[in-house]
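Accompanying notes for the structure given below.
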Amino acid sequence: MSVESWIVDVLHGLSCARRSLFRAGAVLPFVAFAAVQIGMILLLAEFTAPGIHWISVPLVRVLGGEHALHYPMHLVALPGMYEPLYLALLAVVGIPLYAAGVRQAAVTFQGRDTRSSLRPSWIALVTVGVVYVVAAVAGPTLSAVLAGHTGEGAASAGIRAMGVVLGIVGQALFVYSPVAIALSAQSATGALRQSLRWFSTYPGPTLILLAVVALINLPGTLLLEHADRIVLKFSPELVIYIMLAGVVVEAISAFVLFTSIAGLAVGRKQVGW
Amino acid sequence: MVKVRLVFAVCAVALVAGGCRSHDGIRARYGREKLLWRAQLLERRINLAFLRGSSSDLASAIAAFQQIVDSDRPAGGVPADWSPQTVRDMKKIQSVSRVALATLYFLQKRYHDAGEMYRRAANSARSTPADLDLRMSRVRSLYLAGDTDSLAVSAERIISRIETDNSLWTPSRPLADVYLNVPLVLAQQYLETRNRAQFKRVAQRAETIYDRVARTWPDSAVTASAAIARMNLQMMGKNWTGTLKTIREVLPSQYVAPMRGELELIRAEVLAWGTKDTARARKLLTAISHDYDGSRTAAAARFDIAVLELHGGQPDQGVARLVALEADKSVDESIRARAMLARARHVEKANRWDEAVVVLRRIMGLYPDTEAAMEAPLIITQHYARTGHHDLALQSLKSAREYYLTRIERGGNRSIPASDFTDMMIETYLSAGKADAIASLLESRGARWKPADAAGALIRSAAIYSDVLDNPGQARRVLEKCIEMYPESRYAKLARREMEQLQQPAAN
């Protein structure tokens with residue numbers, strides 16, 4: 001396994017993504033999940049709007065506490081309030097939708113139309129979604145706790161960077177599981193085992209793809225970590241716009257990631273590359 | 001699958017149950033906080049751009065805070081289902097907005113509106129530490145608005161609060177200096193309205209407060225400030241013995257060290273012109289001129305010695321001292337101008353007018369922005385009018401007019417406001433017997449002046465029409481014009497009061 005072959009594999013995955021781009025059925029699930037996220041952000045951001053306040057006010061109070069009901073602290077707290085909702089949405093709605101998109105994308109590079117529904121596999125998809133989310137979050141959360149104990153400085157930054165790496169590795173281990181269900185309707189445990197097998201086949205390309213996706217999303221994440229400064233020095237509403245832009249960026253990067261991963265899973269020979 | 005549905009059902013019921021509560025209070029508070037944030041953003045911009053004086057920002061900020069203040073209470077009062085915390089938050093937002101709005105009105109020179117807004121803020125902050133500060137700000141606004149009645153009421157309230165509120169007399173936390181001046185403002189007010197009895201009453205209350213300050217915080221900065229305030233009050237009431245005693249008591253304090261020279265000068269001047277103890281005054285002035293050599297205080301002492309000599313039988317010595325002061329480049333130009341003016345007046349009295357007029361014209365040429373230069377055209381015109389040289393008086397009036405108008409149009413200078421130049425111009429015209437000309441000039445010329453100066457000029461024009469020219473009809477017309485043109489200014493209030501007084505004799 002040379003670096004050269006990793007790059008060839010990554011390029012192969014990206015070419016699969018490019019070919020899927022023109023298939024509406026492949027793109028729409030990613031757009032749909034982006035729309036769900038935008039709706040959720042707007043629900044939290046405009047929590048006093050008529051028609052939704054009956055649900056959004058209690059939600060904001062539960063997620064952000066009493067201080068999140070005040071302007072502009074509400075917008076400082078917004079990324080933090082949205083984070084757990086996003087993770088839950090990703091596991092329950094995002095991963096199944098991504099799997100549906102991958103299934104449609106596979107048609108373009110696998111040449112096999114699978115008309116059977118993914119609905120029976122929904123529980124399995126949610127299960128692998130939860131595992132994927134836990135694996136992605138565990139490393140960064142642990143490192144954040146450790147960094148909090150060490151205080152500010154190089155050591156803390158090092159621990160946080162290690163957390164990001166652990167997060168990427170965690171995702172890499174289970175990122176193939178929804179793809180496995182989408183392509184071969186496996187059970188949750190079967191899909192998780194398959195994911196580990198595929199990762200062991202393509203460790204380098206998988207990590208490269210996930211690292212690129214993490215890098216693309218990094219500026220938005222870093223900006224939102226300093227929401228307090230954005231609120232104080234610029235306009236409080238800028239936080240909402242950054243979050244909405246982040247959703248768009250994430251939808252594109254998720255599309256590229258999962259269709260590329262699917263391309264890798266299917267394999268070069270089968271795709272005719 | 002059944003379990004999942006059950007969880008969803010429980011969540012839905014919880015959300016609906018939570019949602020059934022009214023969140024109107026939270027929503028209203030959020031909206032108000034949003035408005036406040038935006039208004040405060042504009043306010044910060046004004047503070048940043050204060051030197052450039054951004055008037056559009058000021059107007060926008062006022063509109064923004066006004067919107068919050070106007071939305072004080074929803075129709076029908078505070079709804080019963082608002083939580084106590086929400087009600088408290090809303091009150092705080094209102095209070096912050098009122099204070100900010102008052103400050104912005106003050107910046108915009110809408111002193112009457114500022115005073116009213118400070119009153120509303122103080123009423124809602126009653127019996128809190130902020131209350132007194134807000135009332136103090138109200139007094140300042142009313143003073144500048146010329147609303148003497150409200151000013152007196154507010155100042156009386158502050159004095160009462162200082163007298164009765166024991167929390168202000170904590171030994172560990174001295175009273176702020178600014179409160180010590182409230183009785184002074186009120187006393188000044190009563191003096192201006194010639195209400196001697198009220199002046200005495202305020203002076204007595206002030207003395208009691210100053211005594212208590214000295215007992216509560218002995219040998220402290222606030223005690224020194226109280227002594228200075230007492231001295232000013234005594235000087236206002238022409239209580240020269242009391243003034244001398246107060247200065248003697250405060251001089252040893254370390255807290256008056258930076259102004260010791262000025263205090264000694266005041267002491268000497270009180271001795272010279274108050275108690276007429278010229279021998280002691282002269283001794284003291286000589287000591288000051290040596291002890292503080294090179295300072296403005298020493299120069300002022302030298303000037304005072306010269307004046308004492310001029311009036312005390314040593315005119316030649318006095319003139320020589322004045323000439324030396326005029327020639328001393330290290331001396332402040334206002335003192336040099338005063339020295340020239342004193343010399344000009346002395347030679348005028350000695351019937352050497354040709355010599356006097358040269359000195360007076362030199363003052364106008366060398367130091368045009370000093371008080372001495374401001375008096376020079378009046379002295380020249382008065383002299384020619386008194387001696388029957390009407391052509392020369394008119395000629396002098398022409399140059400005086402140019403001099404004064406130039407300074408009034410500039411809005412005065414750092415040390416002399418435009419209104420002082422206006423008053424001096426009026427006196428010059430009156431001395432030349434040209435009351436109608438100055439009344440008409442003040443009415444017509446105002447358009448080029450700053451609004452406050454123009455409004456003041458209209459009031460003065462009306463006073464000349466009614467008091468000098470005995471033409472109440474014209475006076476009323478000018479006052480109406482003032483009210484119409486400057487409805488928000490203190491002059492509009494003055495004009496209304498003048499009109500009432502003009503109508504009283506007619507009614508009788």
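The values are calculated or read from the model by the stated rules, or taken from the named source; none is laboratory data. What you see is a predicted model, and the numbers here were worked out from it, not measured in a lab. Cβ atoms come from the backbone with ideal geometry, glycine included; neighbour counts cover every protein chain shown.
Please find, among A:LEU21, A:LEU44, A:LEU28, A:LEU63, the residue that is touching a Pro at 6+ places or on another chain (Cβ under 8 Å) and more than 10 Å from chain B (Cβ to nearest Cβ).
Just a single option satisfies the conditions, and that option is A:LEU63.
With a cut-off of at least 1 residues that are closer than 24 Å to B:CYS482 by Cα and of a type in the set (A, V, I, L, M, F, W, C), name the helices (runs of 4 or more DSSP H) lying wholly within the stretch B:367-442.
By residue number, B:390-409, B:418-431.
Considering only the stretch B:238-271, state which residues are in a helix (DSSP H, G or I) and of a type in the set (Ser, Thr, Tyr).
B:THR241, B:THR243, B:THR246, B:TYR255 - these are the residues of the stretch B:238-271 that are in a helix (DSSP H, G or I) and of a type in the set (Ser, Thr, Tyr).
Pull up the stretch A:66-88, narrow it to residues that are among the hydrophobic types (A, V, I, L, M, F, W, C) and surrounded by fewer than 20 Cβ atoms within 10 Å (Cβ to Cβ), then point me to the one that is farthest from the other protein chains (Cβ to nearest Cβ).
Here the answer is A:LEU87.
Kindly indicate whether any position in the stretch B:253-270 is among the β-branched types (Val, Ile, Thr), more than 30 Å from B:THR223 (Cβ to Cβ) and surrounded by 20 or more Cβ atoms within 10 Å (Cβ to Cβ).
no
Kindly establish whether A:HIS149 is away from chain B (no Cβ under 14 Å) and either under 20 Å from the mean Cα position of the chain (by Cα) or within 25 Å of A:ILE41 (Cβ to Cβ) (or both).
no
Is there any pair with a first residue in the stretch A:45-57 that is over 20 Å from A:GLY80 (Cα atoms) and a second that is among the small types (Gly, Ala, Ser) and buried (at least 16 other Cβ atoms within 10 Å of the Cβ) whose Cβ atoms are under 9 Å apart and which are 6 or more apart or on different chains, and what are they?
A:ALA49/A:SER56; A:TRP54/B:GLY18; A:TRP54/B:GLY19
Of all residues in the stretch B:12-50, count the ones that are assigned to a helix (DSSP H, G or I) and at pLDDT 65 or above.
25
Among the candidates A:ILE168, A:ILE159, A:ILE208, A:ILE181, which residue alone is assigned to a helix (DSSP H, G or I) and more than 29 Å from A:VAL8 (Cβ to Cβ)?
That would be A:ILE159, the only listed residue that is assigned to a helix (DSSP H, G or I) and more than 29 Å from A:VAL8 (Cβ to Cβ).
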